[in-house]
1. Tell me whether the stretch 1-107 comes out rounded, prolate or oblate; compute the Cα gyration tensor, take square roots of the eigenvalues as a ≥ b ≥ c, and use a/c under 1.5 as the rounded threshold.
2. Say the dipole of the stretch 126-263 comes from +1 at the beta carbon of Lys and Arg and -1 at that of Asp and Glu; which of THR214, TYR184, LEU126 then lies farthest toward its positive end?
3. Given the -39500 (n - 2.57) contribution per DSSP H run of 4+ residues, what per-residue ellipticity at 222 nm results for the chain, rounded to the nearest 500 deg cm²/dmol?
4. About the Cα centre of the stretch 123-247, what is the dipole size in debye to 20, counting +1 per Lys and Arg Cβ and -1 per Asp and Glu Cβ, all else neutral?
5. For the stretch 550-630, give the magnitude of the charge dipole about the Cα centre (Cβ charges: +1 Lys/Arg, -1 Asp/Glu; no others), in debye to the nearest 20.
6. Looking at the square roots a ≥ b ≥ c of the eigenvalues of the Cα gyration tensor of the stretch 726-812, which shape do they give, rounded for a/c under 1.5, prolate if a/b is larger than b/c, or oblate?
7. Return the subset of LYS744/LYS785; LYS186/LYS434; LYS525/LYS590; LYS359/LYS507; LYS272/LYS364 for which the Cα-Cα distance in this structure is over 32 Å, preserving the input order.
8. Quick one: check the C-alpha center-to-center distance for the stretch 700-756 versus the stretch 228-250, whole angstrom.
Amino acid sequence: MTFMANGTLPKRPRLIILGNGMAGARLAEDILVLDREKFEIVMFGEEPHGNYNRILLSNVLNGSQDMGEIEINSLPWYKENGITLHAGKKVTRIDPACKKVFADGVVESYDQLVIATGSIPFVPPLPGTDLEGVFVFRTVDDCKNIAQYAKGCKKAVVIGGGLLGLEAAKGLMTHNLEVTVVEYNKWLMSVQLDETGGEILGKTVAGLGIRVRTQASTQALVGNGKVQSVHYKDGTEDEADMVVISAGIRPNISLAKSCGLGCNRAILVDDKLATSDPSIFAVGECVEHRGMVYGLVAPLWEQTKALAAHLTGTDPDRIYAGSKLATKLKVMGVELAAMGMISDVRQGDEVVQYSEPAKGIYAKAIIRDGKVSAACLVGDLGPAETLLGHFHKDTPVPTRRMDLFGGPLPQKLELSLADLPDAHPVCDCNGISKGAICNAIQAGHCTVASVGKATRAGTGCGSCKKMVKGLIEAVAGAIKVDPTESYYVSAVPMEKAILVAQIRKHKLKSVSAVLAQFGTSEDEKSKNGLASLLKSMWNKEYVDERDARFVNDRVHANIQKDGTFSVVPRMYGGVTTPQELIRIGEAAIKYNIPMVKVTGGQRIDLLGVAKEDLPGVWADIGMPSGHAYTKAFRTCKTCVGIEFCRYGTNDSTGLGIDIEKKFQGIEFPAKLKMAVSGCPRNCAESTVKDIGIIATEGGDWEISVGGGAGAHVKKTEVLCRVQSKGEALKIVGRFMQYYREHGKYLERTYDFVPRIGIETLQEIIVNDSLGIAEHLDQGIEEAVKGFVDPWLEREQPVYPGQFSEPIQVGPMYLAGTTA
């Protein structure tokens, strides 16, 4: 760091970046990496958030991720890195003569300015686009508005069958809407795919339950204040309660044009990314360079790296010479790769194709002068690295052209992952190189998830995860990484949101039906996960197949290492009676039970019960199941509250009993425990439970969520305060149902709550920001009504040998047991 003679820091030149999107924020990052002290950086962003990954917006729309999960740089990051961010401030004017920027009451001076204003949605000039219920799909706030409006809708139309349109359709699937995608061209994703590839993609999308209309020219959106239908030029129409317009983007160049910068389709820049004003530069989707306007992220990253090197002076001669268009992505669960212009077929070109329509697989390459000029892949990215290698390196293709899709690589390309240069791009969505990933692995990040957290690799479309796994194995040793990390269960290649939509569409109510329709294999963990999901979705309509459940769930007791079982009866709120205690003691004597133990959840556990004795023990003690063996609501621990304690401020015992009687046995993604404390002394340890309730000094109930006191000790986060037992039961039920619908299999609430974010949960559960409170209330009430005490099966076993067949003890049988 350089100091002046008087000991003060020299004044740094001021760099203003207009735009806090994926290009503007990445430029700031690149500059900080090269020279943190070079500039005083000031940024403007129209949205009131930090920088986030727009590629993942469909996940926000479908509820599988929240803003916190797709956020790249949170608001505190800017302050921590010495950047002044004017978030939520729209720049209205640039004055190049006095080098000032004006925005919503803010005026900032600059020495150098970078315009990274990106693009804006293109809204076709159609009648009715101003109707209520018509949306664009571009920002995280768009996602929130669409999701909130969807709650009152049955049918949605998405105008645009490109990447963004399909992502919007994917997001709408989980809102129980009939979705129609309308595309003007003859096939979907016409920019990236040829007709055959687009048709195969269309069939796959249709198979997911989305109606596809191609060669459809929209004439008008029609409605009386609210949109009601979409009319087409051929005279047909579709009913629509809501419409999402995703008909492409246009460079956002209004500021640049108004201040006199040279513009054509976008802002004109030279190889240094400089505009017609030498003090003003531009990067991203708002830029036109050598006649090209780029809409993919990879060229943006190349631009920001070149400009950062030039601005900081670390490589003043560095230029941006343009980008070769290539990307790998996942659309609606379908893996795609595209490079070059697949529609640019010239005289003399060779076209090599491979197709398996029944499997949704297609590959095409255009060979020009013996080299790969363009290519596209659908459904199987196995040949992607071979094709990308030829495409980027301009190497001659094999004499046997089909080797492009699966044959040996020529010697010039035959490199293992470990041998690839550090600069080799791995994650196109985030511009992450092989070197950055290897550094993360060497720092101890040896799973795909942890590499993603450290570098962002794999957190976009996910198509690069296979290469990330390969790098982990190459760098850290043959580490086994789950190849189905993004799936809800490994046997069904679908994310949870798509899987739930497909189960509902096909009305699949048994594990075998799901596996028959979508399964690629059968394994016990997948069956267990599907059984839990189906039961939470269908309640009484769920078709229970016992071979799909853990042994614990088949016999409703927790298996021990010697093949015996533990029996934990339900004691509501931890309260019992002398008569119940007598029956428990008599049963322990009668069946020679070797241990009777008080648990941490205020229950009594009878350990060492033989399988054949389970029905008799249950009958003799005459109490319902405590569900201490399954992924369900188990216990609500309480203190004595105002009934006996001189410190009590409210009836904790009564509330705990009410909670446990109402929600007993309801299934969740993982086990769920509760506690209610009658005063702030917190004797029931409410702050280390999945859901904890504490009576305040004033007698209100403070509800908090996401705690744990087992292997992961975590304090709960406060959700809200309420005044009555009825309000407490309502809020608890809503949180439970939201967790049931959005929790990942085996994800405890202490992971779920941070993943969603407590502020987001407060908005959804307490303030009903998404308008789904009624849906959540109804869902949990259906689950409550569907409860049947499983210990009643003692009267009539549901299958022969349920309580008589011998138990084999081993890792396979104990893998799913819980303490």
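1. oblate
2. The listed residue farthest towards the positive side: LEU126.
3. -8500 deg cm²/dmol, from helical runs alone.
4. Dipole size: approximately 240 debye.
5. 140 debye
6. oblate
7. Listed pairs above 32 Å: LYS186/LYS434; LYS525/LYS590; LYS272/LYS364.
8. Centre-to-centre distance over Cα atoms comes out at 40 Å.
The values are calculated or read from the model by the stated rules, or taken from the named source; none is laboratory data. The structure presented is a predicted model; accordingly, all values stated were derived computationally and were not measured. Methodologically, a virtual Cβ is constructed for each residue, glycine included, from the backbone with ideal geometry; neighbour enumeration extends over all protein chains shown. These accessible areas exclude ligands, DNA and RNA; they are computed on the full protein's heavy atoms, side chains included. Shrake-Rupley method; radii C 1.70, N 1.55, O 1.52, S 1.80 Å.
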